Amino acid sequence: MGIAEDDPTGIRSFVAGGISGAAFLVTGQPFDTIKVRMQNQVKGSVYRSSLDCLRKTVTREGPRALYKGMSTPLLACIPYSAVWFLGHDHMIRFQQHVLGREEMGVLNHGIGGLWAGVYMTFIIAPGERVKCLLQLQTDKRKAHRQYSGPVDVLRQTLRTGGLRQVFRGTFVTALRDVPGSGLFYVLYQATTQRYGETSSSVMLAGGLGGMAMWLWGVPPDVLKTKFQTAPPGKYNSFLDVAPELYRREGPGAFFKGFAPSGMRAFLANGVCLVVYDLVMQAWKKYLPTAATKHQLYSTV
């Protein structure tokens, strides 16, 4: 994934990242709903498998239930994805300045990915909390639901626990996303260096990077889901979740929801990177900067 040399502010990365983030969320939300429900149940108590969860969700609540809680992460995902790409862009430029060279290797992009993970954590954590609470509401009758929507979740959470409860789970979100983001960029860059940057190779690279990100991220994500959806006071920190979960369900509990997470990671990240690449190409073609125009005219 290259950066635009004639765009020192990173505005292209920011805008393209926002657009591709929306594509990521729409593609991946059904898988995410299944993942959250699988993670939050006691082993086998409600759903036998991811497919069973999908079948029961659609049968009992209709297909729209797969997109429950999407409005809040959609509002967050666009700036989150934009900031994620921008963070990578900033760290790559910083390394170029410090090292005194333009060419960046796989490890440099991995470092850029770590920094991108830091950028995005504080945007995504509150949205994740709201999303998870809404996704766990399975009753079709509105009168029996605890929350009427994302705004109601925020209102009730602020009233009962203040801003600290809105940001509950931020550290474990960082534990999931910062190293995972570094792995993503390493795999993405290694794959595109090997196979080029055609749409199919970008899709493959994004998918493989996404799966590597989630292979790391599933155990912290399980802890995050349990911690963010638990009643106030049940856990002092996300670290309290791990021993209880291990005693009750064994080591396999830390990989709950891996199947839907893996499918979501490959498909959604692949689509995200293809859209990002297409937006960057379109921007360069139809909205060239002064430097780009000079290059175009000089070749005529």
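The values are calculated or read from the model by the stated rules, or taken from the named source; none is laboratory data. For clarity, every value in this text was computed on a predicted model and none was experimentally measured. With ideal geometry, Cβ positions are generated from the backbone for all residues, glycine too; neighbour counts draw on all protein chains shown. Remember, those area values only see protein heavy atoms, side chains included, never the ligands or the DNA or RNA. Shrake-Rupley method; radii C 1.70, N 1.55, O 1.52, S 1.80 Å.
Would you confirm, using the coordinates I've provided, whether SER200 is of a type in the set (S, T, N, Q) and open to solvent by 70 Å² or more (accessible area, probe 1.4 Å)? It would help to see each step written out before you state the result.
Values: of a type in the set (S, T, N, Q): yes; open to solvent by 70 Å² or more (accessible area, probe 1.4 Å): yes.
Criteria met by SER200.
Looking at this structure, is GLY17 at pLDDT 85 or above and either buried (at least 23 other Cβ atoms within 10 Å of the Cβ) or under 26 Å from VAL151 (Cα atoms) (or both)?
Criteria met by GLY17.
For region 69-103, what are the residues that are open to solvent by less than 30 Å² (accessible area, probe 1.4 Å) and at positive phi?
GLY69
Enumerate the pairs (first residue in region 33-55 and among the acidic types (Asp, Glu); second residue anywhere and buried (at least 22 other Cβ atoms within 10 Å of the Cβ)) with beta-carbon separation below 8 Å, excluding pairs fewer than 6 apart on the same chain, so at least 6 apart or on different chains.
none
Which one is modelled with the highest pLDDT among residues in region 64-106 that are of a type in the set (Gly, Ala, Ser) and in a helix (DSSP H, G or I)?
Step one: list which residues in region 64-106 are of a type in the set (Gly, Ala, Ser), which gives 65, 69, 71, 76, 81-82, 87, 100, 105.
Imposing the further condition that a residue be in a helix (DSSP H, G or I) reduces the set to 65, 71, 76, 81-82, 87.
Details: ALA65: 88, SER71: 75, ALA76: 66, SER81: 82, ALA82: 84, GLY87: 91.
By that ranking, first place goes to GLY87.
Give the number of residues within region 20-45 that are open to solvent by 40 Å² or more (accessible area, probe 1.4 Å) and at pLDDT below 85.
Taking region 20-45 first, the residues open to solvent by 40 Å² or more (accessible area, probe 1.4 Å) are 26, 31, 40, 42-45.
Okay, now just the ones that are also at pLDDT below 85, so 40, 42-45.
Qualifying residue count, region 20-45: 5.
Which condition number does GLN137 fail, the rest of (1) part of a helix (DSSP H, G or I); (2) touching a residue at least 12 places away in the same chain (Cβ under 8 Å) being met?
Unmet condition: (1).
Just a yes or no: is a residue in region 198-214 closer than 23 Å to VAL275 by Cβ and not in a helix (DSSP H, G or I)?
Keep residues of region 198-214 that are closer than 23 Å to VAL275 by Cβ, which gives 198-214.
Okay, now just the ones that are also not in a helix (DSSP H, G or I), so 198.
Looking through region 198-214, at least one residue is closer than 23 Å to VAL275 by Cβ and not in a helix (DSSP H, G or I).
Which pairs turn up if I take residues in region 177-196 that are open to solvent by 50 Å² or more (accessible area, probe 1.4 Å) and look for partners that are polar (S, T, N, Q) with beta carbon separation below 8 Å, at least 6 apart in sequence or on another chain?
Close Cβ pairs satisfying both conditions: TYR195/SER201.
Within region 152-176, can you find the residues that are open to solvent by 90 Å² or more (accessible area, probe 1.4 Å) and β-branched (Val, Ile, Thr)?
The first filter runs over region 152-176 and keeps only residues open to solvent by 90 Å² or more (accessible area, probe 1.4 Å), leaving 155, 159-160, 163-164, 171.
Scanning region 152-176 gives a single hit, THR160.
It is to be established whether one or more residues within region 130-144 are touching an Asp or Glu at 6+ places or on another chain (Cβ under 7 Å), open to solvent by less than 20 Å² (accessible area, probe 1.4 Å) and among the aliphatic types (A, V, I, L, M).
The answer is no, given that none of the residues of region 130-144 is touching an Asp or Glu at 6+ places or on another chain (Cβ under 7 Å), open to solvent by less than 20 Å² (accessible area, probe 1.4 Å) and among the aliphatic types (A, V, I, L, M).
Give region 50-68 a look and list any residue that's open to solvent by 30 Å² or more (accessible area, probe 1.4 Å) and hydrophobic (A, V, I, L, M, F, W, C), or say none.
Listed by number, the residues that qualify are LEU51, LEU54, VAL58.
Is at least one residue of region 115-125 open to solvent by less than 30 Å² (accessible area, probe 1.4 Å), not in a helix (DSSP H, G or I) and not acidic (Asp, Glu)?
First, the residues of region 115-125 that are open to solvent by less than 30 Å² (accessible area, probe 1.4 Å): 116-117, 120-121, 124-125.
Subsequent filtering for residues that are not in a helix (DSSP H, G or I) retains none.
No, because not a single residue in region 115-125 is open to solvent by less than 30 Å² (accessible area, probe 1.4 Å), not in a helix (DSSP H, G or I) and not acidic (Asp, Glu).
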